[in-house]
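Quick notes on the structure that follows.
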Amino acid sequence: MRNHIQRFHEESKTLPANLPPRTSRWLIAIFGAGVFPLGIFAFGIFAGTISELFLPNQPNWLLNLLTNWMLSLTFMSWFLVQLVAFVGLTVRRDWALGMAGLACLLWCFSVVGIIPAAVVYWWLRRSWSHNQTGVAAEAPKQVEAMFAVTTLLVVGWLALIIHIDQVIHAMAVKAGDLQGIDSIVAIVFLLGLPTFLVQGAALYGLRSRRIWGREAATVAAVVLAFTIVGIPFAYWALKRMWPSSATSVATAGAPA
């Protein structure tokens, strides 16, 4: 990892001068170091979720399936945001600051990462002197509408968790056993917040035409694909946001 970061850092010196400034190699190392473990967690939990589908007779099958599913989406969101931020900072792209800021926000959900995330983001803002005077191209309205729907779906999931918490709490009160009930539901609730942030960031970035909007929407679309049922919607959104550069050949006129 150290050799790769060193090589990327040296290659960045040869890039055009109008790109954003080179980021500290230690700061790049911080973002790069988090990519590998997050990827292991994300794909490992996703594989566990798929295997859970084929074990419907297990105790608490539905609860385990929903928990693992939300866990996989959470870590997939975190992993992809971290990966895109790492690549953007390494190759000096103007959208890297926005994605790095989103990654720092996701770090805060680890609780112990709140202070380090604040320090890293403060350092990024302090050292980022690139003049971002332009705005990104306007995204198709249909894509914005899709991410509005996905954001509302995550909000609906969080509302469902709150409702489940109230139902379970009422049942526990009647049974006289409250040990661990609210804490478990609170953990599941917190698991949904990173996914909500990524979908919401995609919607906000596209609507306000932020420089990092299309990158955030790309991450949100890939996360949507990992729900399996969202694969066609993710593919459609990616095709609309990243159209092919090939131009169609004009039809030749009829001979005289």
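Measuring from centroid to centroid over Cα atoms, what is the spacing of segment 29-55 and segment 74-88 in Å?
Comparing the Cα centres of segment 29-55 and segment 74-88, I get a distance of 12 Å.
So for each of 221-234, 194-207, 89-102, 113-126 I average, over its residues, the number of other beta carbons within 10 Å; can you give me the resulting order with the highest mean first?
Going from most to least packed, we get 194-207, 89-102, 221-234, 113-126.
Just so you know, all these numbers are worked out from the coordinates, no wet-lab data involved. From a predicted model like this one, the values you see are computed outputs, not experimental measurements. Neighbour counts are summed over all protein chains in view; Cβ atoms, including those assigned to glycine, are modelled from backbone coordinates with ideal geometry.
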